[in-house]
Each structure stands twice: as structure tokens, then as C-alpha cells.
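Structure first, commentary second.
The values are calculated or read from the model by the stated rules, or taken from the named source; none is laboratory data. Since this is a predicted model, take the numbers as computed values, not measurements. Glycine gets a Cβ as well: all are built from the backbone with ideal geometry, and neighbour counts include every protein chain shown. Just the protein is used for accessible areas: all its heavy atoms, side chains included, with ligands, DNA and RNA removed. Shrake-Rupley method; radii C 1.70, N 1.55, O 1.52, S 1.80 Å.
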Amino acid sequence: MSAPAVPVTMDDITPEWLTAALRAGGKAGDCTVTAIEKVTIGQGVGILGELARLTPAYSTGGSTAPKTLIAKIPTADPGGRGIAEMLGFYEKEVRFYDEVGDRIGVRTAHSYFTGRDPENVRYVILMEDLGGLQLGDQVAGASAEECLVLMHQMAKLHARWWGSPDLETLEWLPYGNAPMLKLSALAYAQSLEPAVEKFGDRMTGAQIEMAGKFLPRMNPIQDNFAAAPVTLCHGDLRLDNVFWGSPDNSSPVTLVDWQIAIKARGPYDIGYFMSQSVDPAIRAANEESLVREYHRALAANGVQDYTFDRCWDDYRIATMYCLAYPLISAGSIDVANERGAALVSKMLYRSLSAITDLKAYEVLDRFEAAPLPEPPGA
């Protein structure tokens, strides 16, 4: 059956459309949808897409079709939509689920159907409903036991793609130093002053000075992480993107939200998670043993010629670079958004604590300051 037109809004997902999509996807049998109950989810959490839980009623084929599923389309917000399109987030996520989602090496949500119309910025993903699983809470933070589970899972993912020729066939997946990604330095530059104004009372003078020293070295550090050995990185490995378990009980975790996936060195994901989603006391007490376990798991899954010393060094560099995330967020957050403000505050505190404990700021002296990239259209 031919694929249906890509919907513009959730209202375009009718019983007829869903019937055609599920049949075209080939993973739901010869079903016929007669009605759909839709519930909007994910409102107010700053995502760049609209999400709805669909509960279809079937006249035929219901025994092999999903009882519920999640529909994801681009946000209707022009600002968020423009940024996501400029950075290729929608195209990337649809192609991720369409081409590699079930063979990446770790569990992610199964896709029933994907559709894309890049010319008109229309995309849709129909995916497995994970609502029955426990979702991580980045504000609460991860336990040492949860970190250990993720070290093993990320080692499986990274080892699967480590230096693999298959990685080069994914031309839509950017390297971590792609020109558009380097524009993050401009966002950092614009955010630095307002971030200090809002959260400077929680930073030392030395930390504020370090944040300024980091700015002209952001792009050179991105170049470092895009140099071999590279693998497929999640790119946004934080606790809010981790479901514990899987619907089929095949995995201890299910990872979601692959819009920021990149080709980079594996410890980028590890440094990001440990410095953003783990409270300092837990991280400091378990950090080296967890990174060693990640390194051991890489080797057990076939990665060779990558020493622990190099892994640890890459981890420290990643920890330094990942200051960009809380600082950019701190410069743009609406402090009236209580959950958002609490999350940014936690991220900044954790990031600065990790950099200080690891003396990760020392790596800045290895990278020569570079001019900021030219803004688009300059």
C-alpha cells in the first residue's frame, strides 16, 4: 500500500490516514482503523515536536496492530520549528528511525511508520508507546546503579559503530564539528552575560573567568571530538531521555529523542551524562570506576587500541565542553518556569562541580583560541 501524505497537524491523523500509515509501515498487519482517541502529551517541556498518544479502534487486524502508539510531528511554534529545521533535527530523527533505529545496538522505541516532506518541513513518526515504563527524572538525578547500567548500554551502542564503515553511509548524521553545530558558540556568546546575571551568585569568580576562557575554544574542542576514533553518539544523553526497562523486557533501558545524534568520540555521551544528570557526591564517589567499567565494556564488545588513559582524557574534555549546555540554557531560561529553572540550576551546579573536581579546566590550555563562526547570512 502506498504511503499516505505527511500530516501537517494532529487533526490530519484520521482513521483513514492511520490505516494507510500502519499498512504502509508493514509492522501492524492488514489493520483497519475505525476511530482514534488522541491525547496530547509532552506539553510545556520545551520539546521541538508535538506528541500525541493515539488509541485506535480497529474493525479488522486489531490483534496484530498496536493498542496505543505515539505520533510525533514538528512543533507549530515558528521559532522552535525554524531552529530545528536549520539544524536538521527533524530530517535526522525520521531517518534515524527509518534506517537504523532497530539496529543501533541498544533498545529504542520501535517505529511503525515514518514520513517526510523536507520541502514543506513536514515530518511524522509513529512509534511505540513507552508510557508503561518509568521515565528518568534529570532534576532528581541518577543513582550509581543506574549509571552503571547506562555505562554498559552505551558501550554496546558505541562499540557497534566504533570506526565502522556503516557509519559513513549515514550521510545525514553530522560530525560533531559540522558547520551548523559550531554555531552553538554564538549561542554561548549571547548567553554568557545573562547567565551570569541570573545564576552568577552560584558561581565563583574563577568559574566565571573559566566560562569566558572556554568560549573561544568551543569550536576547537568540537574538532577534537570529531576526530577518529568516532562512533554514533546519542548527543543528548540525559536522564529525561532514558526509560528504564523495555515493553518486551529485552533491555534494562530504552533510549529516546535522537534529534541531536552525531558522529563523535564515545566519551562525549558519558561526560555529558555524568556532568548533567548525576549529583556531585554520587558522581565523585563512583566516577573513575564507572568510566573504567565503560572502557572495559567497550573492549568486551570488540573495541581495540583505545586505552583507558585516552578514554579518561576524552571524558575530561567532554566534561569541560558540556558546560555549554547549562550555560546556554541559563542565559535563555524563563525563571518563571519552575521545573525549567530547577533543571538549569541543577545542570549548572553539577557541571561546574564536575569540571572543578576533575580539574577539567586544565584541558583548555591545550586548545588555541579561535574566532567565533560567522552567523548565517553574514
* Could you please give the count of residues in region 329-345 that are crowded, with 17+ Cβ neighbours inside 10 Å and of a type in the set (S, T, N, Q)? => 2
* Asked: When the residues of region 100-116 are filtered to those that are farther than 30 Å from Asn286 by Cα and charged (D, E, K, R), which remaining residue is surrounded by the most Cβ atoms within 10 Å (Cβ to Cβ)?
  -> Arg116
* Restricting region 64-86 to residues that are in a helix (DSSP H, G or I) and within 17 Å of Met10 (Cβ to Cβ), which is most open to solvent (accessible area, probe 1.4 Å)? -> Arg81
* Structure fact -> Within region 98-110, the residues that are modelled with pLDDT under 95 and either part of a helix (DSSP H, G or I) or of a type in the set (Ser, Thr, Tyr) (or both) are Asp98, Glu99, Val100, Gly101, Asp102, Arg103
* Asked: Which residue, of Glu146, Glu91, Glu119, is in a helix (DSSP H, G or I), in contact (Cβ under 8 Å) with a residue 12 or more places away in the chain and over 30 Å from Ile282 (Cα atoms)?
  -> Glu91
* Structure fact -> Only unsatisfied item for Ala187, checking (1) part of a helix (DSSP H, G or I); (2) at positive phi, is (2)
* Asked: In region 50-63, what residues are open to solvent by 10 Å² or more (accessible area, probe 1.4 Å) and part of a strand (DSSP E or B)?
  -> Glu50, Leu51, Arg53, Thr55, Pro56, Ala57, Tyr58, Ser59, Thr60
* Scan (1) at pLDDT below 85; (2) over 21 Å from Pro247 (Cβ atoms); (3) surrounded by 19 or more Cβ atoms within 10 Å (Cβ to Cβ) for the single condition Lys92 breaks and write down its number. => (1)
* May I ask you to list the residues in region 346-378 that are of a type in the set (Gly, Ala, Ser) and either at pLDDT 95 or above or open to solvent by less than 30 Å² (accessible area, probe 1.4 Å) (or both)? => Ser351, Ser353, Ala354, Ala360, Ala369, Ala370
* Asked: Asn241 fails exactly one of the following numbered conditions: (1) touching a Leu at 6+ places or on another chain (Cβ under 7 Å); (2) modelled with pLDDT of 95 or more. What is the number of that condition?
  -> (2)
* Asked: Can you tell me how many residues in region 146-189 are hydrophobic (A, V, I, L, M, F, W, C) and surrounded by fewer than 19 Cβ atoms within 10 Å (Cβ to Cβ)?
  -> 11
* Scanning region 122-140 for residues that are open to solvent by less than 20 Å² (accessible area, probe 1.4 Å) and outside any strand (DSSP E or B), which turns out nearest to Thr14 (Cα to Cα)? -> Leu130
* To do: Determine, yes or no, whether Ile83 is in contact with a helix residue (DSSP H, G or I) (Cβ under 7 Å, 6 or more places away or on another chain) and farther than 17 Å from Gly115 by Cα.
  => no
* To do: Please indicate, with yes or no, whether at least one residue in region 40-49 is modelled with pLDDT of 85 or more, crowded, with 16+ Cβ neighbours inside 10 Å and either among the hydroxyl-bearing types (Ser, Thr, Tyr) or farther than 13 Å from Leu69 by Cα (or both).
  => no
